[in-house]
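One structure is given here, and the rest of the page talks about it.
The values are calculated or read from the model by the stated rules, or taken from the named source; none is laboratory data. Everything numeric in this text was worked out from a predicted model, so none of it was measured. Here the Cβ is made from the backbone with ideal geometry for all residues, glycine too, and neighbour counts use every protein chain on show. Protein only, heavy atoms only, side chains kept; ligands, DNA and RNA dropped before computing areas. Shrake-Rupley method; radii C 1.70, N 1.55, O 1.52, S 1.80 Å.
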Amino acid sequence: MVGMDLFKCMMMIVVLVISCGESVSGAKFDELYRSSWAMDHCVNEGEVTKLKLDNYSGAGFESRSKYLFGKVSIQIKLVEGDSAGTVTAFYMSSDGPNHNEFDFEFLGNKTGEPYIVQTNIYVNGVGNREQRLNLWFDPTTEFHTYSILWSKRTVVFMVDETPIRVQKNLEDKGIPFAKDQAMGVYSSIWNADDWATQGGLVKTDWSHAPFVASYKEFQIDACEIPTTSDLSKCNGDEKFWWDEPTVSELSLHQNHQLIWVRANHMIYDYCFDAARFPVTPLECQHHRHL
């Protein structure tokens, strides 16, 4: 009986862990996503989906549903070799000109030069909140996990669960926060050699095409909404796992990780760009890590 009770106890713990929202493994591409443009450039190969860019077209996919708060993750292996001029994006966005958006943009580079990851945040259609960093690994040789955790309190960008950017809800300071528009989840690859690599100085070398970004382990653990106009299911009094303070606030270890990333890998932060922003943006004055 003691052994059986121990077994039951262990099973209850497993159920509780899973119910907290952390998926054990990713879903299949077709369960969560669909090709959104250039379908012949979006190829499924078993567990891996590939987006291809050539001198005819880029490609993209989108989630089948829209969400309000939660965590989205995807494993990406970026374009190998000379990727200059290309951009691979993974992002969440709502619809319309006054949309909210959270961006990962991976800016290609010449062979041997590091990939640059640019993050950006739009609230009510206003962006221009770029931060850029060099990754501490080669993102073209293996798959790495890129995640966005979004709650009523904060937005956290993560690479392999290491936070690289945090945007807190500072509505009490008069700063708008993205919390009232449902978002879809998207990814795309396209040619942006007018700005992506060294400010547009290095152009895309089409002799290296097709440029291929590979994806697997598709995870969306978020509050799915039935229609974009009815947010009550996700924005009411019900508590979800991402609402817990221990989740929506960085731990001491995560704070140290973020400080390390910023100190060693950050190469651009809009908060310190006096040419673009002679007056420091208000949110930059309140974020501890900025």
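Overview of results
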read-out	value
Net charge over other residues, Cβ less than 15 angstrom from the Cβ of S207 (K, R count +1; D, E count -1)	-3
Cα-centre dipole for region 201-258 with unit charges at Cβ (Lys and Arg positive, Asp and Glu negative), debye to 20	380
Where the chain is the region considered: accessible area per residue in Å², 1.4 Å probe	49
Carbon and sulfur %, accessible surface of the chain computed with the full protein complex present, 1.4 Å	54
Segment N44-D243, extension gain: residue separation times 0.36 nm, minus the distance between their alpha carbons	68.2 nm
Solvent-accessible surface ranking, highest first, for K28, K71 at 1.4 angstrom	K28, K71
Mean ellipticity per residue at 222 nm, deg cm²/dmol - from DSSP H runs of n ≥ 4 across the chain, formula -39500 (n - 2.57)	-4000 deg cm²/dmol
Whole-Hz ³J(HN,Hα) from phi, Karplus 6.51 cos²θ - 1.76 cosθ + 1.60, for region 146-158, glycine and proline x	10, 9, 10, 9, 10, 9, 5, 9, 6, 10, 10, 8, 9
Selected from G127, G174, G58 as most flexible by GNM, with the chain as the system and alpha-carbon contacts under 10 Å	G174
Gaussian network model of the chain, Cα within-10 Å springs - most flexible of D103, D180, D194	D194
Expected-Rg normalisation [2.2 N^0.38 Å, Cα atoms] applied to region 150-290	1.30
GNM flexibility winner over the chain from G60, G236, G108 (Cα, springs under 10 Å)	G236
DSSP-assigned coil residues among GluC sites (Glu not before Pro) in region 231-290, each with at most 14 further Cβ atoms within 10 Å	E238
About the Cα centre, charge dipole magnitude for the chain (Lys/Arg +1, Asp/Glu -1 at Cβ), debye	420
Nitroxide proxy distance, nm - points 7 Å out along Cα→Cβ at T111 and K203	2.0
Modelled FRET efficiency - R0 45 Å, H286 with D230, Cβ distances, 0.05 increments	0.90
15 Å cut-off, amide nitrogen to a point 7 angstrom out along D95 Cα→Cβ, residues in region 226-241	226-231
Contact order relative to length of the chain, as percent, for alpha carbon pairs under 8 angstrom and 6 or more apart	25
Zone residues, region 118-160, relative to A263, backbone N less than 17 Å from point 7 Å out along Cα-to-Cβ	134, 136
Karplus 3J(HN,Hα) series, Hz, for region 159-172 with 6.51 cos²θ - 1.76 cosθ + 1.60 (x for Gly, Pro)	10, 6, 6, 8, x, 10, 7, 10, 10, 7, 6, 10, 4, 5
Binned Cα-Cα distances of region 206-278, short to long, each 5 Å bin given as a whole percent	3, 10, 9, 10, 11, 16, 16, 16, 6, 2, 1, 0
K239, K179, ranked by accessible area, largest first (probe 1.4 Å)	K239, K179
FRET efficiency estimate (nearest 0.05) - Cβ-Cβ, A27 to H256, R0 25 angstrom	0.20
Nearest-10 value in Å² for the accessible area of C42, using the 1.4 Å probe	20
Surface accessible to a 1.4 Å probe, F272 within the full protein complex, Å²	150
